[in-house]
Amino acid sequence: MIILHHLNNSRSQRILWLLEELSLEYKIESYQRDSETNLGPSSLKKIHPLGKSPIITDGEVSVAESGAIIEYLINTYANQASSAELIQLELGTELHRQYVYWLHFAEGTLMPPLVAKLVLDKTKEKAKPWFVKIIAYKIVDKLMAAYYGPIIQNNMQFIEQHLERSTWFAGEQLTGADIQMSFPLEAAVARGAASDLPNVTRFVDAIHAREGYQQALAKGGEYAYA
């Protein structure tokens, strides 16, 4: 039995979606974020030393990191899946190269500046007293204008242009690359960063409309980006 160690409002929601798309039997072990720190509970460290989610256990096998979990589940179970919609791409093909690229792009290129923006926005919100808030606003706004803002804008335009040529990230059928890219693009849409990007918005709408996604959402609990 596959066990997903699932943290509310986290990247593990996309692994839950993948499990549904593959029609696999699995069990959810749920964990809740600390209301003050927003971090996962220390009990997750019993599963993995870093205490982060997602993590899956599959018999004697334990896998952490979303991309690694996606590759493991697809490589191990895609050919057994009752759903033929999520495919395993043939090694050495251009579509497989696209799949690998976007699987790594999501966390390697797209997420770091988005996380930085989130942290900086929270810094502005929590800055006190008023004169510290004024300084914080000036520093954060300069950082965003000079560095993170242009990077995020460039990344999003790059994605928008790619999705203009392709329904999904690796062709015309759903793959693990779409599972991996879902989390940052949901976050971007939820925060208004894709208001002028119709292809990105179309992609997020398309994943939200999928039956597997809806089933995963019902089972996963709180998820702020849905």
Qualifying residue in the range 179-192 (condition: touching a strand residue (DSSP E or B) at 6+ places or on another chain (Cβ under 6 Å) and in a helix (DSSP H, G or I)): no
Every pair of residues 6+ apart whose Cβ atoms lie under 7 Å, when the first sits in the range 39-51 and is at positive phi while the second is outside any loop (DSSP other than H, G, I, E, B) and open to solvent by 40 Å² or more (accessible area, probe 1.4 Å): 51/42; 51/45
When residues of the range 145-168 are limited to those that are of a type in the set (A, V, I, L, M, F, W, C) and open to solvent by 30 Å² or more (accessible area, probe 1.4 Å), the one nearest to residue 97 (Cα to Cα): 158
First in the range 103-120 and small (Gly, Ala, Ser), second anywhere and part of a helix (DSSP H, G or I), Cβ under 7 Å, 6 or more apart: 106/180; 106/181; 106/184; 116/148
Hits in the range 169-204 (condition: open to solvent by 40 Å² or more (accessible area, probe 1.4 Å) and under 29 Å from residue 91 (Cα atoms)): 172, 173, 202
Residues of the range 195-207 classified as within 16 Å of residue 173 (Cα to Cα) and modelled with pLDDT under 95, total: 0
Test result for residue 33, in contact (Cβ under 8 Å) with a residue 24 or more places away in the chain, among the charged types (D, E, K, R) and in contact with a strand residue (DSSP E or B) (Cβ under 9 Å, 6 or more places away or on another chain): yes
Enumeration of residues in the range 156-168 that are assigned to a helix (DSSP H, G or I) and either acidic (Asp, Glu) or closer than 14 Å to residue 94 by Cβ (or both): 160, 162, 164, 165
Pairs, first farther than 11 Å from residue 21 by Cβ and in contact (Cβ under 8 Å) with a residue 60 or more places away in the chain in the range 210-222, second among the aromatic types (Phe, Trp, Tyr) and assigned to a helix (DSSP H, G or I), C-beta under 9 Å, six or more apart: 217/17; 220/17
Boolean, residue 64 is open to solvent by 20 Å² or more (accessible area, probe 1.4 Å), in contact (Cβ under 8 Å) with a residue 12 or more places away in the chain and on the phi < 0 side of the Ramachandran plot: yes
Odd one out for residue 44 among (1) closer than 30 Å to residue 171 by Cβ; (2) surrounded by 15 or more Cβ atoms within 10 Å (Cβ to Cβ): (1)
Residue check for residue 127: open to solvent by 60 Å² or more (accessible area, probe 1.4 Å) and of a type in the set (Gly, Ala, Ser): no
Identity of the residue in the range 67-92, of a type in the set (Val, Ile, Thr) and at pLDDT 95 or above, that ends up surrounded by the fewest Cβ atoms within 10 Å (Cβ to Cβ): 70
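The values are calculated or read from the model by the stated rules, or taken from the named source; none is laboratory data. None of these values were measured; they are calculated from a predicted model. In this analysis, Cβ positions are derived from the backbone assuming ideal geometry, glycine residues included, and neighbour counts consider all displayed protein chains. For accessibility, only protein heavy atoms count, side chains too; no ligands or nucleic acids. Shrake-Rupley method; radii C 1.70, N 1.55, O 1.52, S 1.80 Å.
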